[in-house]
There are 2 protein chains.
Amino acid sequence: MMNSTEKSLPEKLSDDIIAYILEEQLQPNDKLPNESVLSEKMGAGRSSIREAMKLLASRNIVTIRQGSGTYVAASPGVVDDPLGFTFIDDKKKLTLDLLDVRFLLEPAIAEMAALHAEETDIRKISTLCDEVEALLLRGEDHTGKDIEFHTAIAMSSKNLVVPRLIPVINSSIPLFIQLTNNRLLHETIETHREITDAIAAHDTLRAKDAMYLHLVYNRRCLLDQKA
Amino acid sequence: MMNSTEKSLPEKLSDDIIAYILEEQLQPNDKLPNESVLSEKMGAGRSSIREAMKLLASRNIVTIRQGSGTYVAASPGVVDDPLGFTFIDDKKKLTLDLLDVRFLLEPAIAEMAALHAEETDIRKISTLCDEVEALLLRGEDHTGKDIEFHTAIAMSSKNLVVPRLIPVINSSIPLFIQLTNNRLLHETIETHREITDAIAAHDTLRAKDAMYLHLVYNRRCLLDQKA
């Protein structure tokens, strides 16, 4: 999918730096060697290393902290809007199509979460559920916390892929909230609470069904608005 | 998810260029104005514009063709490995977890494809089915064509999101093929053929079930190998 024409020196070096991160098993937030060390290791000038680091930073593989150094990113390689939704014109169809995908994924993820959630996961989900509720009741923006809530559920599934997928899919939440406004206030509070309780009780079926309810309310609200 | 510290000038300019692409409704492969035009429009030096374009190229939003100019990428914003699977150490768990996600998505996608596929979609899926089969029978590498086959099915669903998701999820196919070798030769040929026929006949249930069969054979083969 990347431009497949011949690579520039900084592009080649950025591949070498990725290989280095993997070989040395550097973890998220680990510090990389400084420019002169890397320059020697890779047999390339310091300015080329600096160029390569800028490319890696734009792909969110490293984070450059001014005056401190270069670190492996917190979620290396996970970029903003990785599937390019910004470039899809029809935002209404995009929102409904994202909701279709949420129907396929999120009830099953809630089920997996109910099966595998540990005590710390449950505490995290409960806290986020409280925080979203408080924001909703005060009429404040709950977008970010809502995505965190659904991501915490995905983390509890212990599947390696879904926590990386859910924030991408739930980039639709700002669009929903815009389109559904606060009409879903009580339904959201109730279904979030039921999902949280079911996961805490390791009740797989109730967790799955509560997530279905949550999504059904969202879809109905969205379709009503379209009519 | 991106580094949220203050942005450099080329980073800010790259945001401006994205806004420009969207405002002007530039389409994939459309040519962008040249550096001096953009430099004037954005009120920034040509070298900063050039820097910004390099950042956008590394995110696959634009493609720089030497001697020709800068173009909107073919699938703008869709980068290689957008969910950072490269940085997950445990490839065996990753493969099984990706398969779990394929179970959630692909049977439903096959069903949507059976519902919405047009004549041109069906011809494309059939051709790819033939090509994968020929490669399998000759014992040649069918990885790329296999991903194309599953992506063509996703395209036929007419959902805007799944064709962007499936190539990411099916990045697991090279891993599968490596792990399952050619043990699934006949099962793969038969289930691919059945999926294709069911979509061509607009038979939603058979399309879904055939996809389930395909995934079950894959999972069993993978789990046998682990034992």
- request: Test residue A:140 against the criterion of being under 26 Å from residue A:200 (Cβ atoms) and in contact (Cβ under 8 Å) with a residue 12 or more places away in the chain, and give yes or no.
  value: no
Within segment B:192-217, residues being over 12 Å from residue B:150 (Cα atoms) and polar (S, T, N, Q) number 1
Note on segment B:48-61: residues among the small types (Gly, Ala, Ser) and either buried (at least 21 other Cβ atoms within 10 Å of the Cβ) or at the interface with chain A (Cβ under 8 Å from one of its Cβ atoms) (or both) are B:52, B:57, B:58
The correct count of residues that are away from chain B (no Cβ under 14 Å) and closer than 24 Å to residue A:60 by Cα in segment A:125-152 is 6
Would it be correct to say that residue A:64 is surrounded by 17 or more Cβ atoms within 10 Å (Cβ to Cβ), outside the structural domain of residue A:161 (by the TED database) and more than 22 Å from residue B:13 (Cα to Cα)? no
Residue set B:89, B:141, B:146; condition surrounded by 21 or more Cβ atoms within 10 Å (Cβ to Cβ) and over 25 Å from residue A:87 (Cβ atoms); output residue B:146
Test: residue A:14 is at pLDDT 85 or above and away from chain B (no Cβ under 12 Å) = no
Residue A:64 part of a helix (DSSP H, G or I) and either under 30 Å from residue B:162 (Cβ atoms) or at the interface with another protein chain (Cβ under 8 Å from one of its Cβ atoms) (or both)
no
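Here are A:71, A:20: which of them is more than 7 Å from every other protein chain (Cβ to nearest Cβ), under 23 Å from residue B:58 (Cα atoms) and not in a helix (DSSP H, G or I)?
Matching residue, one of A:71, A:20: A:71.
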Residues that are in the same structural domain as residue A:164 (by the TED database) and part of a loop (DSSP other than H, G, I, E, B): does segment A:91-101 have at least one?
no
Only one of B:33, B:107, B:76 is more than 7 Å from chain A (Cβ to nearest Cβ) and assigned to a loop (DSSP other than H, G, I, E, B), namely B:33
Of those in segment B:20-47 that are more than 18 Å from residue B:67 (Cα to Cα) and among the acidic types (Asp, Glu), the residue surrounded by the fewest Cβ atoms within 10 Å (Cβ to Cβ) is B:23
- Within the bounds of segment A:110-126, is there any residue that is in a loop (DSSP other than H, G, I, E, B), of a type outside the set (Ser, Thr, Tyr), at pLDDT below 95 and surrounded by fewer than 17 Cβ atoms within 10 Å (Cβ to Cβ)? no
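Results for (1) of a type in the set (Gly, Ala, Ser); (2) in contact with a Leu (Cβ under 7 Å, 6 or more places away or on another chain), shown as yes or no for each residue.
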position: B:14; (1), (2): yes, yes
position: B:43; (1), (2): yes, no
position: B:73; (1), (2): yes, no
position: B:95; (1), (2): no, yes
If we ask which residues in segment A:79-99 are within 7 Å of another protein chain (Cβ to nearest Cβ), out of contact with any strand residue (DSSP E or B) (no Cβ under 9 Å at 6 or more places or on another chain) and in contact (Cβ under 8 Å) with a residue 24 or more places away in the chain, their number turns out to be 3
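The values are calculated or read from the model by the stated rules, or taken from the named source; none is laboratory data. This one's a predicted model, so the numbers in the text were calculated from it and none came from an experiment. So basically every Cβ, Gly included, is an ideal-geometry build from the backbone, and we count neighbours across all protein chains shown.
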